[in-house]
Amino acid sequence: MSTGTGTRAAAPYAVTAGELVGEIRAALDDAAAVTWSDAELLGYLGEAVREYSVHLPRVVEVTLAAVAGERRYALPWDAAAVLGVEYPRGQEPPAYLPRRRYKAQGFAAGRHYDLLPSHDLTAAPALLLSFAPEPGEALAVRYLRPHESDLAADTYLTVRADHHHVLLQYVLFAAARRLQAGEQAAPTNNSSLLMGQLAANTRRLELAYLNALNRILYHRLGEGEVVGWS
């Protein structure tokens, strides 16, 4: 069933990269893979997902087992931000810790958490608590991470299906950019008209991608989660 956005309706995480590449090939009119190989299109699609993740990362949750006397807990390497920390996990209604900067006065008073981001590859980001949780209890941490972008044909996309048209638009832009760069590096003729046409087409597709992305970002305004600081 068509969604009106260039991709068919599908449940979240039910579309593989190879299936979307098939739709991209149709948009490029390259069903026989004369101009672009599957590897190239999967590479462009991976670029699209990485770019998308900058603006709309994935929300995931990890459960951390409390360790006696431990206040610092390593998070996955790709954790970009923490949205909330439930402690102890499993209460009804859920109980969440407030966030407070660990250098702020009063951090050690009461129960707070802070995120210690990773600035290089020497240490993973970490969750720092103002107290040592009880052994045997658990913390549930909701955080942001990039979508899976190391794609094979059978990789299921974690970008929601109704946003796949943004990925498609990016790949069209990337393909046009490659054609323009190839012509500039090794001109097939001396026609400045061809160069101008390729440049104009690349810019047109770049704007189409940016417009598609910005429409989603505009509609997401007001949907964001507020994380308060005390």
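Annotations
- Residue in segment 216-230 that is among the hydroxyl-bearing types (Ser, Thr, Tyr), surrounded by fewer than 12 Cβ atoms within 10 Å (Cβ to Cβ) and within 29 Å of Gly106 (Cα to Cα) present: yes
- Residues within segment 128-146 that are under 21 Å from the mean Cα position of the chain (by Cα) and buried (at least 19 other Cβ atoms within 10 Å of the Cβ), tallied: 3
Every residue, every condition in (1) touching a residue at least 40 places away in the same chain (Cβ under 8 Å); (2) more than 21 Å from Val54 (Cβ to Cβ); (3) out of contact with any helix residue (DSSP H, G or I) (no Cβ under 9 Å at 6 or more places or on another chain), yes or no:
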residue: Leu139; (1), (2), (3): yes, yes, yes
residue: Arg142; (1), (2), (3): yes, no, yes
residue: Glu148; (1), (2), (3): yes, no, no
residue: Ala174; (1), (2), (3): yes, no, no
residue: Leu198; (1), (2), (3): no, yes, no
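- Residues in segment 109-127 that are surrounded by 12 or more Cβ atoms within 10 Å (Cβ to Cβ) and either among the aliphatic types (A, V, I, L, M) or under 18 Å from Val82 (Cα atoms) (or both): 13 in all.
- Those residues of segment 47-83 which are over 19 Å from Leu115 (Cβ atoms), buried (at least 19 other Cβ atoms within 10 Å of the Cβ) and small (Gly, Ala, Ser), in sequence order: Ala48
No lab work stands behind these numbers, since they all come straight from the coordinates. None of the values given here were measured: they were computed from a predicted structure. Note that we place each Cβ from the backbone using ideal geometry, even for glycine, and neighbour counts take in every protein chain shown.
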